[in-house]
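The values are calculated or read from the model by the stated rules, or taken from the named source; none is laboratory data. Since we're looking at a predicted model, the values are computed, not measured. Glycine gets a Cβ as well: all are built from the backbone with ideal geometry, and neighbour counts include every protein chain shown. Just the protein is used for accessible areas: all its heavy atoms, side chains included, with ligands, DNA and RNA removed. Shrake-Rupley method; radii C 1.70, N 1.55, O 1.52, S 1.80 Å.
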2 protein chains.
Amino acid sequence: MARVLVALGGNALSRPSERGTMAGQLASVRRSSGYIAEMIAAGNEVVISHGNGPQVGNILLQNELARESVASMPLDACGAESEGLIGYMIQQSLGNELRRRGLRHEVVTVVTQTVVDPDDPAFVRPTKPVGGFVTAEEALRRIRESGEAWAEDSGRGWRRVVPSPKPLAIVEAPTIAKLLALGTVVVAAGGGGVPVYYRDDSELAGVEAVIDKDLAAARLAQQLAVQVLLILTDVAGVALAYGRPEQRFLGDVTLGELEGLFRRGEFPAGSMGPKVVAAIGFLRNGGDRAVICSLDDALAGLAGEAGTQIRRDNLRSRAASAA
Amino acid sequence: MARVLVALGGNALSRPSERGTMAGQLASVRRSSGYIAEMIAAGNEVVISHGNGPQVGNILLQNELARESVASMPLDACGAESEGLIGYMIQQSLGNELRRRGLRHEVVTVVTQTVVDPDDPAFVRPTKPVGGFVTAEEALRRIRESGEAWAEDSGRGWRRVVPSPKPLAIVEAPTIAKLLALGTVVVAAGGGGVPVYYRDDSELAGVEAVIDKDLAAARLAQQLAVQVLLILTDVAGVALAYGRPEQRFLGDVTLGELEGLFRRGEFPAGSMGPKVVAAIGFLRNGGDRAVICSLDDALAGLAGEAGTQIRRDNLRSRAASAA
């Protein structure tokens, strides 16, 4: 039994074959909720965070396509919409799975704001693509009219790019901690949380950016004194030489070993990199164990029997440092 | 000092002159947040609910206009999106107003589901218009293809109509009550909450409907043992002969007096009717006082000095019934 933060990846919420329909998303969410209900049934305290890429992408595209008729919402507002949408699906579905098992835990979604530093270097060079593809002509018009940044994306067209600053703190963490202590299951920091910054000592304001959901999950886990960070994704774990013939998945590693591999540049920035950085940050700031595994291995991963298991230190080195 | 549910009307969140822009909505929300911060500074426990008409209308319209490119979300999901969006604006803005006053209360939005009865007569005859106007031809196509109900709206075109069933219970009320007891300010039941029903004993499912936000607020107020229900709107209070030369606003009335006027058909179904029904329901189920007043009279209304003040009973009749 532990306090666990479950970070759901995109495949836990929807699959491409479902084409983004509500029925399809609910089917995916139900499968994920079943695993989480089992963790709660086993006595764990669970907080859930999740990605929002396809959902906020669709909301942005709807904003763009309807912009002649409806005032477009900025990215922070679209992120908040996606937190409501995805949180609703998870809290309804997980509540159903818990009741089916005779459990009476309440499940709530807390709309979450994540503080970033306005001087984060990410604001100088936006790199994270969001929304739909447009022609070069349309991208140039948007750059001219709105001051947005757009970039050509792998020959598929132009996409808006936004900054992806580091998460410093989850504003609502104290409330989430109180809810966990009361036995409530909380969905929070969806899509990394809505990015906000302090305009002055007292005033928070939204900013158009996207926060990496695994980094935000690690920050929230730290603020909640979570013991296990369980990052669920679509691969079996952290791989060395990913996609090459000599690829092999890491099983049990220590924080020190993973940091060494990271420094050697083993993990690509776009995919596994942020998950490894999230795991390292979590363990460096008091976490006991980080797990990166596939969604369907969630229960085995939590039990220490699947995926990549990263411990702050092995028992031998901990004993040595205590001596 | 009391436990107060503040029900914000549409004008507390946006004004038509702002044309639905984020900056405009934030300006409206900031004004409303200032009033609420003053209530909290005076020592009241506050829970906030709000309407979502313009916002969910825009989200629906975006769904319709983008439907060739993006799978349209059903109405319950659009409602959840609007809870995230509006909740984010309120929690950010009210948090700012509290910090500016040196107060350290936390403010969170809880995504809310509201249980309705699938046998509610509203499902037989949908009456609540939502989303944008279309031509008769387009409406007929939608009726044929989707089974939706559409109706001609006052010569302005055709609009989709959906059921507006009665709210039976707010699913997340127990958690909201715990948060209030901890001193947290909660935004909940936005837009009446996402309508859901029990498919069987354990399984909740969303349903395409719209719940009146004042009726949902009254139900939540009852579940939270709120003392004062403060319904903020764009008129000075409950009027008799509204819009006619002999119009006059009601000041202090008892529950019995208001019920008598309601039975005589004094209040139109579309506008003041649901607010009066909400106030009556709240007072009949244990509430002390319901206030219906204009947004800018919020503080005077809470102090008993503005708007229509409805008390469960005057002291004389209460003493008489105790004798």
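Each peptide in B:77-87, A:218-228 receives the mean, over its residues, of other Cβ atoms within 10 Å, and ordering these scores from highest gives B:77-87, A:218-228. Relative to the longest principal axis of the Cα atoms of chain B, the long axis of helix B:75-100 makes an angle of roughly 40 degrees. By the compact-protein rule of thumb, 2.2 N^0.38 Å, the alpha-carbon radius of gyration of region B:211-257 corresponds to a ratio of 1.41.
The mean number of partner chain beta-carbon atoms within 10 angstrom of a residue's beta-carbon across peptide B:20-30 is 2. As an equivalent ellipsoid, region A:30-91 spans semi-axes of 32, 10, 8 angstrom, where each value is the square root of five times an eigenvalue of the C-alpha gyration tensor, largest first.
Protein-only accessible surface at a 1.4 angstrom probe places the residues B:Ser14, A:Ser164 in the order A:Ser164, B:Ser14, largest first. With a threshold of 24 Å on the Cα-Cα distance, the over-threshold entries among A:Lys213/B:Lys178; A:Lys213/B:Lys213; A:Lys128/A:Lys275; B:Lys166/B:Lys275 are A:Lys213/B:Lys178; A:Lys213/B:Lys213.
A quarter of the convex hull surface defined by the alpha-carbon atoms of region A:1-113 gives 7.5 nm² as the mean projection. Reported to the nearest whole Å, the Cα centre-to-centre distance from region A:219-250 to region B:96-133 is 37. With the highest mean first, a sort of the peptides A:54-62, A:251-259 on other beta-carbon atoms found within 10 angstrom per residue produces A:54-62, A:251-259.
Cα centroids of region B:141-196 and region A:6-31: 24 Å apart.
Per-residue mean of foreign Cβ neighbours for A:88-96 is 6 (Cβ atoms of other chains, 10 Å radius). Take each peptide in B:131-141, A:183-193, count the other Cβ atoms within 10 Å of every residue, and average; sorted highest first, the result is A:183-193, B:131-141.
With its label point defined 7 Å out from Cα along the Cα-to-Cβ axis, B:Asn285 lies at 4.2 nm from the matching points of the other copies, in increasing order.
What per residue convex hull volume, in Å³, comes out for the protein assembly as shown when only alpha-carbon positions are used? Output value, Cα hull per residue: 185 Å³. Here region B:158-212 exposes an accessible surface that is 53 percent carbon and sulfur, computed with a 1.4 Å probe and the other protein chains kept in place. Taken residue by residue and averaged, Cβ atoms of other chains lying within 10 Å of the Cβ of B:63-74 number 6. Every other copy gets compared here: list the nm distances from the A:Ala300 label point (7 Å along Cα to Cβ) to its counterparts, shortest first, one decimal. Copy-to-copy label distances at A:Ala300, shortest first: 7.0 nm. Here is the P(r) of region A:185-248: all C-alpha pair distances, binned every 5 Å from 0, give 4, 13, 16, 17, 17, 13, 9, 6, 4, 2, 0 in whole percents. Label points for A:Ala181 are taken 7 Å from Cα along Cα→Cβ. From this copy to the others they lie 1.4 nm apart, shortest first.
When chain B is treated as a Gaussian network with alpha carbon springs shorter than 10 Å, the biggest mean-square fluctuation among B:Thr21, B:Thr109, B:Thr308 belongs to B:Thr21. To the nearest 100 Å², how much accessible surface do chains B and A cover up together, summed over both, with a 1.4 Å probe? Separately minus together, B and A give about 4500 Å² buried. When restricted to Cα atoms, region B:174-282 yields an Rg and a Dmax of 16.7, 54 Å, respectively. Ranking of B:Phe282, B:Phe262, A:Phe123 by solvent-accessible surface, largest first: B:Phe262, A:Phe123, B:Phe282 (1.4 Å probe, protein heavy atoms only, all chains present).
Dividing the summed helix terms, -39500 (n - 2.57) for each DSSP H run of n ≥ 4, by the number of residues in the protein assembly as shown produces a 222 nm estimate of -12000 deg cm²/dmol to the nearest 500. Computed over all pairs of different Cα atoms, the Kirkwood value for the hydrodynamic radius of chain A is 20.4 Å. Distance from the axis that maps chain B onto chain A is least for the Cβ of the chain B residue given, with the whole Å value, as B:Gly84, 1.
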